[in-house]
Amino acid sequence: MKPKTTSSKMMKRGLFALIIAAMLPIAFTHSNSYFEISKNLDIYASMYKELNTYYVDEVQPSDLMRQGIDGMLTSLDPYTSYISEADIEGYRMQTTGKYGGIGALVRKVDRYITISEPYEGFAANKAGLLAGDKLIKIDGISVVDKETNDISSLLKGQAGTNTTLLILRMQPDGTEKEMEVLVTREEIKIKNVPFYGMINNETGYIRLSNFTDDAGKEVHDALEDLKSKNPGIKGLVFDLRGNPGGLLAEAVNVSNVFVDKNQEIVSTKGKVKEWDKTFKTLNNAVDTQIPIAVLINRSSASASEIVAGSLQDLDRAVIVGQKSFGKGLVQTTRNLPYNTKLKITTAKYYTPSGRCIQALDYSHKDENGYAAKTPDSLKVAFKTANGRTVYDGAGIDPDMEVEGKPVSKIAMSLLTKNHIFNYATLYRAQNPTIASAKDFRLTDAEYQSFIAYLSGKDYDYATKSEDLLKELESTTKDEKYYEAIASELNKLKASVKHDKNNDLAKHKEEIKKILEDEIVSRYYYSTGRIQVSFNNDEDITTALEILKNPSQYNQILTAKK
């Protein structure tokens, strides 16, 4: 086969020129490293040419380059990424919350891509699709045994276009019936505030799930509405749990709802000093006095931590829950040729007290490539507006920590094997209506029906004791002690062997709460899921106790330590 010398040379020259051109502004400002940059780019371009010309099998230049780019960026941090032209729509959805599609969450259940929740009021919901509906074909294309990523492009599309779905729907007798559903796609705007309302007569609640465009406005409007409709409101639970963050500007806007104008919320500092910036609130707050309990957990990250950290530093709210994720890095999007982009970490952000809460140091990794965690000994103390001590280096520490209960082994098995999900689908088929989300409770008789439903189904699991005994058995075999203790070990294994029926009774309340959550979502969607959680949410219970006790609330915000 004749080597593709000419095309490879052109490719090499074009690539080299492109990269050099892109690097020139940086190279000239960092003259000491210019030679190293130039040398390594030349090596990279030459290797790329050699592989493309002489590798034994045909290679796809774009795939090869993508692998190289991804490998290079992976060596930095998980947030610096290349956005190809094909990925642009997904990127826009992350920043704007908008996309064209049917408006539904999907998940893999056994062999089928299944509707897990249609967004209330959007195309899938309007067309009558229900949670639990299994997709067989999309516009005549079989999607059985496919993955969720494989069908995303089939469900998304320009607003106003139609898609025909062939589905399997659960019937009251437990059988499934084929149905054809025509769905007209529309522009889907995922709300940053999926729910707000009153927990009781005196306490409001706002859940913020994302920080895309208009997050600040949505929180602003939600609080205004709560105050106008509930003049007796005396406190607010602001829920940032599970919020992965988003736009930094929206974090400032959200904080501005509770903090008046011209107050510093966050500052950013990076390599390019001209880009360092301090972000202050620009508008009048909705309410600077109402007591606030902000809920966070280990999945509250980035913009969520800016909001929680600023309200903590300014002593504007009591933070409740678990330590946050610890993402104190700022990403900037840079335009690249051919409608592609680079999302690159350009700075670290700092809360008003001056602390950075980045947990991992990606500039120092161990031999396995894992980033170093900031040790407690290196954490630095900072002071809030009232003189309280807070620390940097590992997320936001709550003022009132609530130790989350671990999910039992049996509950986790029922969830991962989709028995909770599938039973909720059957329950919805058999019960056209239920009580309101706040009032719905699964009866003991219905729980027994769930146990009967599980008969013959696989939900086996290993308890912690069984795991430890298995580890002990493996260790004794490795160290040649097994034969001597085999009899006693087998007796222990028999003693601790779990009884699934006993576990279903032992963990009844936990499993019932999970069932209630899933069942309510079939009738009242995500808002119902949030409302039913009010009855058994430890974070909310703790927040309510603090908010109804003004002296405790004020003591937390003024206590110096």
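The values are calculated or read from the model by the stated rules, or taken from the named source; none is laboratory data. What you see is a predicted model; the values in this text were computed from it and never measured. Neighbour counts run over all protein chains shown; Cβ positions are idealised from the backbone, glycine included.
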Would you confirm, using the coordinates I've provided, whether Leu168 is over 30 Å from Lys137 (Cβ atoms), not aromatic (Phe, Trp, Tyr) and not assigned by TED's automatic domain parsing to the domain that holds Thr541? no
So Lys438 ticks every box in (1) within 30 Å of Tyr112 (Cα to Cα); (2) touching a helix residue (DSSP H, G or I) at 6+ places or on another chain (Cβ under 6 Å); (3) touching a residue at least 60 places away in the same chain (Cβ under 8 Å) but one. Which box is left unticked? (1)
So Thr163 passes all but one of these: (1) buried (at least 19 other Cβ atoms within 10 Å of the Cβ); (2) under 26 Å from Leu415 (Cα atoms). Which condition number does it fail? (2)
Restricted to the stretch 222-251, and to residues that are aliphatic (A, V, I, L, M) and closer than 18 Å to Val318 by Cα, which residue is surrounded by the most Cβ atoms within 10 Å (Cβ to Cβ)? Leu240
Got at least one residue in the stretch 54-64 being among the acidic types (Asp, Glu), under 30 Å from Lys189 (Cα atoms) and assigned to a helix (DSSP H, G or I)? no
Of those in the stretch 166-192 that are in a loop (DSSP other than H, G, I, E, B) and touching a strand residue (DSSP E or B) at 6+ places or on another chain (Cβ under 6 Å), the residue surrounded by the most Cβ atoms within 10 Å (Cβ to Cβ) is Arg185
Taking the stretch 344-362 as the search range and keeping residues that are of a type in the set (Val, Ile, Thr) and not in a loop (DSSP other than H, G, I, E, B), which one is farthest from Lys271 (Cα to Cα)? Ile344
Which condition breaks for Ile151 when tested against (1) modelled with pLDDT of 95 or more; (2) of a type in the set (A, V, I, L, M); (3) not assigned by TED's automatic domain parsing to the domain that holds Val252? (1)
Where Asn210 falls short, out of the listed (1) in contact with a Gly (Cβ under 7 Å, 6 or more places away or on another chain); (2) over 19 Å from Glu117 (Cα atoms): (2)
Enumeration of residues in the stretch 225-264 that are more than 26 Å from Leu544 (Cβ to Cβ), hydrophobic (A, V, I, L, M, F, W, C) and assigned to a helix (DSSP H, G or I): Leu248, Ala249, Val252
Can Glu403 be described as surrounded by fewer than 11 Cβ atoms within 10 Å (Cβ to Cβ) and not in a helix (DSSP H, G or I)? yes
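Yes/no matrix, rows are residues, columns are (1) aromatic (Phe, Trp, Tyr); (2) touching a strand residue (DSSP E or B) at 6+ places or on another chain (Cβ under 7 Å); (3) within 28 Å of Gln430 (Cα to Cα):
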residue	(1), (2), (3)
Asp110	no, no, yes
Ala124	no, yes, yes
Ala131	no, yes, yes
Ile141	no, no, no
Residues (under 20 Å from Lys548 (Cβ atoms) and either part of a helix (DSSP H, G or I) or touching a Cys at 6+ places or on another chain (Cβ under 6 Å) (or both)) located in the stretch 273-299: none
Please determine whether any residue of the stretch 417-428 is farther than 18 Å from His507 by Cβ and either in the same structural domain as Arg169 (by TED's automatic domain parsing) or surrounded by fewer than 15 Cβ atoms within 10 Å (Cβ to Cβ) (or both). no
Of all residues in the stretch 518-537, how many are modelled with pLDDT of 95 or more and charged (D, E, K, R)? 2
Of residues in the stretch 351-386 being polar (S, T, N, Q) and under 25 Å from the mean Cα position of the chain (by Cα), the one surrounded by the fewest Cβ atoms within 10 Å (Cβ to Cβ): Ser363
Can you tell me how many residues in the stretch 241-286 are in contact with a helix residue (DSSP H, G or I) (Cβ under 6 Å, 6 or more places away or on another chain) and either closer than 16 Å to Gly328 by Cα or not assigned by TED's automatic domain parsing to the domain that holds Gly309 (or both)? 8
